[in-house]
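Quick notes on the structure that follows.
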């Protein structure tokens, strides 16, 4: 057990890397990740701390550093020498693991809030997803060199995942209720799945959003499991690597809101849900059971985490057309009045000019 609130805090009034004063936050953990081997674990919290742990032979806090902005996502390289941290201002910083006290280095930036960051298995490419529907693919060693953009989503991109045993393919999910498969080096979309077409009895509202909050992949069998925000259902797909498309298999309905999902190496799927009952074992598919772990209820609200990311839209065209029509009618009436006035004056002038008999 490690208490983040007892870790050193940035002194009040001290300026961060951006030269601006830091504001006091809570100790809520915003993002975390294990290294591929599990030897390292990193997290960031609401107080802008980046805490690095070494997990073997026993857990040890290696360093506590401070980031520029509150972070939204982080990932550790396969070489386990760097941590890439994406923040709400659209920047990605790298932090050294081999030099655990070194400051962060700005690697790349978007003009929009970053929601997720991923690396290719060989660390050659870094992929970033933002609120403005874009997925950018850059070279890790030269992030200013953009390889491609994966364009097609109509809302913010919530999650991205490079498929481990198909390293040229990328999975992405968005607030537009779609799950898409890309050949990310070229930016070509290979397959698009409309999640709303898979809806079950949980979809009671006509405008229900299927925003994916978690994606997990199982190399054994090529299964993909996704969990949607505020929807108590886990959707299961299978990747057809030859056809490069996702094949829908089934869905698992939950009695409570789901928190997280993860595949074991054996193919078993763990689902963490908001329920205080005893753990349950459910048959999912052949040789792939589902385990439900149940934390105390009431610690997660029903409000969507992504609700404030949707862009506000409004239609003022009808009002504009109505005002335009009113102006045109007024101008038409004014011309008619002027025309009638000029005709009247002309007739009066003609009468005064007639000779008297």
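The values are calculated or read from the model by the stated rules, or taken from the named source; none is laboratory data. Predicted, not measured: the structure shown is a model, and the values here were computed from it. Here the Cβ positions follow ideal geometry from the backbone for every residue, glycine too, while neighbour counts run over all protein chains shown.
Restricted to segment 78-98, and to residues that are in a loop (DSSP other than H, G, I, E, B) and in contact with a strand residue (DSSP E or B) (Cβ under 9 Å, 6 or more places away or on another chain), which residue is surrounded by the most Cβ atoms within 10 Å (Cβ to Cβ)?
97
Taking only segment 61-77 into account, find how many residues are at pLDDT below 95 and in a loop (DSSP other than H, G, I, E, B).
The qualifying residues number 4.
Would you call residue 142 closer than 30 Å to residue 64 by Cβ and in contact with a strand residue (DSSP E or B) (Cβ under 7 Å, 6 or more places away or on another chain)?
Here the answer is no, as residue 142 does not meet what is asked.
Taking only segment 163-178 into account, find how many residues are touching a helix residue (DSSP H, G or I) at 6+ places or on another chain (Cβ under 6 Å) and either surrounded by fewer than 19 Cβ atoms within 10 Å (Cβ to Cβ) or assigned to a strand (DSSP E or B) (or both).
Number of matching residues: 0.
Residues in segment 187-210 that are in a loop (DSSP other than H, G, I, E, B) and modelled with pLDDT of 90 or more: how many?
1
Regarding residue 55, is this residue out of contact with any helix residue (DSSP H, G or I) (no Cβ under 9 Å at 6 or more places or on another chain) and closer than 20 Å to residue 110 by Cβ?
No.
If you go through segment 26-47, how many residues are in contact with a strand residue (DSSP E or B) (Cβ under 8 Å, 6 or more places away or on another chain), in a loop (DSSP other than H, G, I, E, B) and crowded, with 18+ Cβ neighbours inside 10 Å?
Number of matching residues: 1.
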